[in-house]
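To start, the structure itself, in structure tokens.
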Amino acid sequence: MEKFNRTMRGYDTEEVKSFLDQVIQKVEQMTADNKQKDLTIKSQENKLIELSKLAEENQRLRQKLEQYERMESTFNKAIVMAQKTSDQMRLSAHKESETILDDAKKNANRIVNEALLRAEKIELESNMLARNIRVFKKKVRDIIESQLEVVSDLDKIEM
């Protein structure tokens, strides 16, 4: 605290005025500082509100990102499952085609064998028929020749 010199009527008015001027300057300076601090506080509050909004937006985006990551994981699992199913179907189709091919080869072999047997049987029957025809022709010739001999003998007997 400041002490003033005493004069005849109390304190030295010049010192008091000088002191009051200093107090006024300090109060004005403090008021200006307070106003500046209030502006800084308002600015910081606005920034805080913006940061709060950004934090909320960031949180919302993180939730969406987590949701998309879960969806991606699900899609990846589905793709892997589809690939496995596709591979199994391909393997199954390959096995089935091999089975069908084997069956077809067996059937073809059976059909060829049956055809060969039938052809062999027909050839035998054909050979037998040709032999029977030769025998029949020989018998018919023999009969005709014997009949011709009879006719020839009849011609000799003529009366």
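The values are calculated or read from the model by the stated rules, or taken from the named source; none is laboratory data. Since this is a predicted model, take the numbers as computed values, not measurements. Quick note on the areas: whole protein, heavy atoms, side chains included, nothing else; ligands and nucleic acids left out. Shrake-Rupley method; radii C 1.70, N 1.55, O 1.52, S 1.80 Å.
Taken over region 22-40, residues that are open to solvent by 90 Å² or more (accessible area, probe 1.4 Å) and of a type in the set (A, V, I, L, M, F, W, C) amount to 2.
Considering only region 114-129, state which residues are open to solvent by less than 100 Å² (accessible area, probe 1.4 Å) and not acidic (Asp, Glu).
The first filter runs over region 114-129 and keeps only residues open to solvent by less than 100 Å² (accessible area, probe 1.4 Å), leaving 114-115, 119, 126-127.
Within region 114-129, ALA115, ALA119, SER126, ASN127 qualify.
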